[in-house]
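Following: one structure in structure tokens, then a few remarks.
Derivation of every value follows stated rules applied to the coordinates shown; laboratory data play no part. Since the structure is predicted, the reported quantities are computational estimates derived from the model, not experimental observations. Here the Cβ is made from the backbone with ideal geometry for all residues, glycine too, and neighbour counts use every protein chain on show.
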Ligand SMILES: [Zn+2]
């Protein structure tokens, strides 16, 4: 036993001993060995870096995926008197400056940021002047394309580590398959000997898979929820299902609320608070719910629809029973929902023409080797949804086509809170001239004015940075109210190369990615139909070889392995209906200048979304989603067979 470490633990954190795995990780780090820690959620991963940060000479930089998680950890660090701060969008200009000064002066032990912060060139400039002892990557599985929650920006972290000369790395995650584990470690050159993994298996979770026909699910759910004690989460796939099922539960006397990404922020926050404060028993949620929900006494998690993958499943059931008390994890399963889950994958796969639209934009619209991009706008122009578009941009960076420079706000809107003339009269000399030019470059509509920075720069020689900090300063002083909008990312175009070849490469990348997603779904179905202990197999899937072979409480151990079936056979709508629907879509498209392609018509019939379908208000066209119960490829085949019947070819 290392008594020094133990004393230090007592002194700074008030714990008398380390939890499983913690000391092992900390010893590796203080010996200068980068490490990967795989601990289940709620078992003290964060202490590994918090403790180590105190032993290191310089600052520890923590990359965290979620603002709420950062704020929780900062609150804790403040409680135990460790100087820590974050740089995030909620800080005022003044607070931000303070954090940067503290970091420069060596007054901070821990600095937390989101991975997106690195996109900002000004931040990169700042951080490159700071001595950093350790980089910590929370939710590190996001770096692996084999993982379930791949975040393209994470792929750039090893590069940043090198550029910033950070000697030590700690990766933290709760879930990783063997493949993901080694992938993560190798990207940061972590010796496999320095992977510390505690058991994945949790003996207080009772896993049940109940084969249930689609039409019986809602009744079954009521029965099941009534049998449970305490609070729980019901997971569904679609936003409208969350609403429907929450209403259904409420009607049956169960205190339930819906939660999904389509709700406004305040509503979601209110729902989360009610759940934390035990004011609501059941939250019916899409996967949007969970990260950052730290409630220890969740007694049950029910999957009303199939999860997206085994990784998602394990993460979602992992929210139950953090207090160690027995908790139920029930999945209502049939194969009907499979089509929906699979079709979602196709919904996020860009077409070749869309990829070409992006590379063409880069080619046509870059000036002096710089290319500016607003995600919203580009998403609409190229018909690629935002998440895959972000993946695409990172791919282009990794392929050395682009290099991120900085980001800025395109729109500056402001209004005066004091008399304009009184304000101007406070300034003299050059500063006064500068401010008068700002006013001259602003077009006021009644109260609010929009500043045209380009116009300002044409009339008066000044840095963009100066304008931005002046506006920030006035806003801080309260003399103006400032609204900034439309974040614009600026990239340097390194080398586009052969554009056609590039487009094809990108297309292959996305096709390969969707194949992987589809096979992940197949693996999950095989898991639910297993005839050996579910808890044991789940632990093995996450490379925990020490779980008991029979948990004695899962549905298989209790003699009820599930056989999943399709409970409803869906007839195809009549060809006439499909033809009419697609022709209407084509007409709408023509009217508004969008050329409808075959994949887009497929999206439309499958009830999927795409930026152009949103623009065309496709949901309102009759026939939207009429093939939603059919597989994407079958819809494609159907359209191909009807190709001569359409107003124009679906190129
Ligand atoms: Zn079992």
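Packing-based ranking of 538-546, 232-240 yields 232-240, 538-546, ordered from highest to lowest mean Cβ neighbour count within 10 Å.
With a point put 7 Å past each Cα toward its Cβ, work out how far residue 273 is from residue 252 in nm, to one decimal. With each label point 7 Å from Cα toward Cβ, the separation is 3.0 nm. Within region 375-396, whose backbone N sits under 20 Å from a point 7 Å along Cα→Cβ of residue 413? Flagged as within label range: 375-378.
Rounded, prolate or oblate: pick one for the chain, where a ≥ b ≥ c are the square roots of the eigenvalues of its C-alpha gyration tensor, a/c under 1.5 means rounded, and failing that, prolate if a/b is larger than b/c, else oblate.
Details: a/c = 1.68, a/b = 1.10, b/c = 1.53.
Cα axes put the chain in the oblate bin.
Cβ-Cβ distance of residue 219 and residue 483, R₀ of 51 Å, FRET efficiency by 1/(1 + (r/R0)^6): the value works out to about 0.55. Cα centroids of region 340-388 and region 205-259: 37 Å apart.
Given their separation in residues at 0.36 nm each and the Cα-Cα distance between them, residue 20 and residue 565 gain 192.0 nm when the chain is fully extended.
Stretching the chain fully between residue 499 and residue 642 yields a gain of 48.2 nm (0.36 nm per residue, less the alpha carbon separation).
With a Förster radius of 60 Å applied to the C-beta separation of residue 620 and residue 3, the computed FRET efficiency comes to 0.25.
For region 565-592 versus region 470-501, the spacing of their alpha-carbon centroids is 42 Å. Across the chain, the relative contact order, built from alpha-carbon pairs under 8 Å that are at least six residues apart, equals 13 percent.
What FRET efficiency do you get for residue 293 and residue 387 if R0 is 22 Å and r is their Cβ-Cβ distance, rounded to the nearest 0.05?
Once the sixth-power term is evaluated, E becomes 0.50.
When you restrict to C-alpha pairs under 8 Å that are six or more residues apart and normalise by the size of region 575-645, the relative contact order lands at 36 percent. Model label points for residue 68 and residue 577, set 7 angstrom from Cα along the Cα-to-Cβ axis, are 4.0 nm apart.
Across region 205-319, Cα pairs under 8 Å and at least six residues apart give a relative contact order of 34 percent. DSSP bridge analysis restricted to the chain gives an antiparallel fraction near 35%, rounded to the nearest 5. Just check region 352-493 against the gyration tensor rule for me: Cα atoms, a ≥ b ≥ c as the square roots of the eigenvalues, rounded for a/c under 1.5, and otherwise prolate or oblate depending on whether a/b exceeds b/c. Prolate. Residue ranges 313-320, 424-431 sort as 313-320, 424-431 when ordered by packing (mean number of other C-beta atoms within 10 Å per residue, highest first).
Centroid-to-centroid, using Cα positions, region 597-640 and region 390-430 are 38 Å apart. What does the C-alpha gyration tensor say about the overall shape of region 303-355? Classify as rounded when a/c is under 1.5, otherwise prolate if a/b is larger than b/c, or oblate. Oblate, because a/c is 1.5 or more while a/b does not exceed b/c.
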